[in-house]
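Okay, so here's the structure we're looking at.
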Amino acid sequence: MRIVSWNMNHCLRSIPARKLAWEYLRDELKADLAIVQEASPPKGLMSVYHPINEKHPRYRWGSAVVALSPDLVLRERPRVPLADCQMKPVAANELPDSHPGACAVADVLGAHGQTLFTAISLYGQWEVMGNGQMYSCARLHRMISDLTGVLATSRRKPVVVAGDLNLTTQVAYEKQTQAETDGAAAAFARLRAWGLTDCISHTRTSRPRLPNCSCSDGDNCSHVQTFRLGNRTSSRPTQLDYAFISNSMTPKLKECRVVHDEAAWQLSDHCPIVLELT
Ligand SMILES: [Zn+2]
């Protein structure tokens, strides 16, 4: 099965360009399952999707899990507003939702109705403070907490978590604070603590090392470029996108490819991550 995670930059794309991006996913990348952010899946595709804000012209998009293969069926995991979960626990298949539209969760079923894994499209939506400062860690850490019901059983019931987390342990911009870098490392540590493997890190020997990476990981650096600020080729090579899978799935991971191709950059300011699973 081929899974593609991609931030599709819906808001800043023309209607024809959005259509081309979905064709690229289907015809060029040949995705069976798309885990997308800043996206709005076309009608007619089986998807689990809610826009962040349908009424707001800048937020008529969100995270989605989309079945492109006719052999896959999606079963949406119901979400309950976080405020409604304080006194009453959610049902077994439900999950709290602190930021509707930024995280989509679907059980992925095979042709015979068997559950293959749970797919999570996760988007680190920025949180703006009263003084105008923006943080991506704040909402992402809340959303990881929302997923506890899925992550806590991920050793028995496999999980794929992928998306534009808007986080990196690189120095992504000049005034980045150590707190932001540490907050990113903490988010990755939380995912690993639930028994998840970072696919890009796991396959780092399969690709050339990112030249002059700004991280402090030394020889352990596994960063790749998945984002171009303003889609400029001269922008600092930054990784904001990730794909994690349950440790039990890693023997099935044949390939993890970052599609740093001009065709992809023509369609979004992020490039896709492709997971090839047997
Ligand atoms: Zn690095």
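All other residues whose Cβ lies under 10 angstrom from that of LEU229 are scored, Lys and Arg at +1 and Asp and Glu at -1, for a net of +2.
Annotation: lysines with alpha-carbon distance below 28 angstrom to LYS30 (same-chain offsets under eight excluded): LYS19, LYS43, LYS157, LYS252, LYS254. Mean projected area of the Cα convex hull of the stretch 2-277, taken over all directions, amounts to 15.0 nm². The peptide list 99-112, 192-205, 209-222, put in order of mean Cβ contacts within 10 Å with the highest first, becomes 99-112, 192-205, 209-222. Computed from point charges on the beta carbon alone (+1 for Lys and Arg, -1 for Asp and Glu), the dipole magnitude for the stretch 2-277 about its Cα centre is near 200 Debye. If you take all other residues with their beta carbon under 9 Å from the beta carbon of VAL258, and give Lys and Arg +1 and Asp and Glu -1, the sum is +1.
A 1.4 Å probe run over the protein chains yields, for the chain, 48 Å² of accessible area per residue, whole-number rounding. Spin-label pair ASP27-GLU174: with each label point 7 Å from Cα along the Cα-Cβ axis, the two points sit 4.4 nm from one another.
May I ask which residue of VAL108, HIS270, ASN53 lies farthest towards the positive end of the charge dipole of the chain, with charges of +1 (Lys, Arg) and -1 (Asp, Glu) on Cβ and the Cα centre as origin? Highest projection toward the positive end goes to VAL108.
Packing here is the average count of other Cβ atoms within 10 Å per residue, and on that basis the peptides 8-14, 52-58, highest first, run 8-14, 52-58. Near SER136, within a Cβ-to-Cβ distance under 14 Å, what is the net charge of the other residues, with Lys and Arg +1 and Asp and Glu -1? Net of charged neighbours comes to -4. Taking all Cα pairs closer than 8 Å and separated by 6 or more residues, the relative contact order of the chain comes to 18 percent.
Once you order the gyration tensor axes a ≥ b ≥ c over the Cα atoms, which shape class does the stretch 1-143 get: rounded for a/c under 1.5, otherwise prolate or oblate by comparing a/b with b/c? Don't skip to the end; give the middle numbers.
Details: a/c = 2.19, a/b = 1.15, b/c = 1.90.
It comes out oblate by the Cα gyration axes.
Please report the carbon-and-sulfur percent of the accessible area for the chain; probe 1.4 Å, protein heavy atoms only, DNA, RNA and ligands left out. Here it works out to 53 percent.
The values are calculated or read from the model by the stated rules, or taken from the named source; none is laboratory data. What you see is a predicted model, and the numbers here were worked out from it, not measured in a lab. All Cβ positions, glycine included, derive from the backbone under ideal geometry; neighbour counts span all protein chains shown. All accessible areas refer to the heavy atoms of the entire protein, side chains included, with ligands and DNA or RNA removed. Shrake-Rupley method; radii C 1.70, N 1.55, O 1.52, S 1.80 Å.
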